[in-house]
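The values are calculated or read from the model by the stated rules, or taken from the named source; none is laboratory data. Keep in mind it's a predicted model, so treat the numbers as computed, not measured. Heads up, the Cβs are rebuilt from the backbone with ideal geometry, glycines too, and the neighbour counts pull from every protein chain shown. For accessibility, only protein heavy atoms count, side chains too; no ligands or nucleic acids. Shrake-Rupley method; radii C 1.70, N 1.55, O 1.52, S 1.80 Å.
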Amino acid sequence: MSTLIEMLNNKNHSNFNYGYKLIEDTIYQRVYMHMHNRSQYLWLENNGFTYEQARGHIYRPVARKETNEFIGWACSRANPSVFFLSMEDSVRKIYYPNLYWVERGLYPYPKQFKLSTSWQEEQYHRECHRLLLPNENPLHFFHIEIPVE
C-alpha cells in the first residue's frame, strides 16, 4: 500500500507535517517555486492570481478517494494517455493493475509548470483507478495559502 493511500485512510498521518495538506478528502502537495523563475510568477499572475497569492504557498492535488476509487493527477507528461497507450497490455497490467481510465488530452499548462512526480506519487499512480489532467483553469486546480507574517 502506498504512503498516499495510507494518508487518505489516516487523517493524522505524520506526512501531513511535511508539505502535504488534506482538504475535503483530497491530499495536496506543496509546489516549490524557484524564486528566480520569473516566468512561473508571471504566468500565475496572468491567470488570475494576485501578487500575494503567486508568492504564497501553492499546493496541487495529488490524491483523492471517492467511494472505493483512488484518483490521481498526471502532471509530469505532456500527453499521459499516449504514454499508457504505447505501453504493452502485459506491462500495463503488471505495473498499473487497477488503472482503468486515463483522461485524454494534452497537459494544459506551459512547460515551466510541468510538475515532477515524486516517488510517493508514482507509487500511488500504480494503485490508482483513474488519472486526470489538471483543470485548464489554474484557479480551480491549485490551492493557495498566503503565509501570515
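Some notes on this structure:
- Here the range 77-101 is the region considered, the condition is being assigned to a helix (DSSP H, G or I) and in contact with a helix residue (DSSP H, G or I) (Cβ under 8 Å, 6 or more places away or on another chain), and the residue that is farthest from Ser2 (Cα to Cα) is Phe84.
- Residue match in the range 39-49 (condition: open to solvent by 60 Å² or more (accessible area, probe 1.4 Å) and part of a loop (DSSP other than H, G, I, E, B)): no
- Qualifying positions in the range 1-15 - open to solvent by less than 70 Å² (accessible area, probe 1.4 Å), outside any helix (DSSP H, G or I) and farther than 17 Å from Ile71 by Cα: His13
- Among the conditions (1) modelled with pLDDT under 90; (2) open to solvent by less than 60 Å² (accessible area, probe 1.4 Å); (3) not β-branched (Val, Ile, Thr), Gly72 misses just one, which is (1).
- The condition (being open to solvent by 70 Å² or more (accessible area, probe 1.4 Å), over 24 Å from Arg38 (Cβ atoms) and either modelled with pLDDT of 90 or more or in a strand (DSSP E or B) (or both)) is satisfied by just one residue among Arg64, Arg104: Arg104.
- Condition broken by Arg92, with the remaining ones in (1) in contact with a His (Cβ under 8 Å, 6 or more places away or on another chain); (2) open to solvent by 50 Å² or more (accessible area, probe 1.4 Å) satisfied: (1)
- Tyr32 vs. criteria open to solvent by 20 Å² or more (accessible area, probe 1.4 Å), within 18 Å of the chain's Cα centre (by Cα) and without any contact (Cβ under 8 Å) to a residue 24 or more places away in the chain: yes
- Residues in the range 107-148 that are without any contact (Cβ under 8 Å) to a residue 24 or more places away in the chain and under 19 Å from Gly19 (Cα atoms) were compared, and the one that is surrounded by the most Cβ atoms within 10 Å (Cβ to Cβ) is Glu122.
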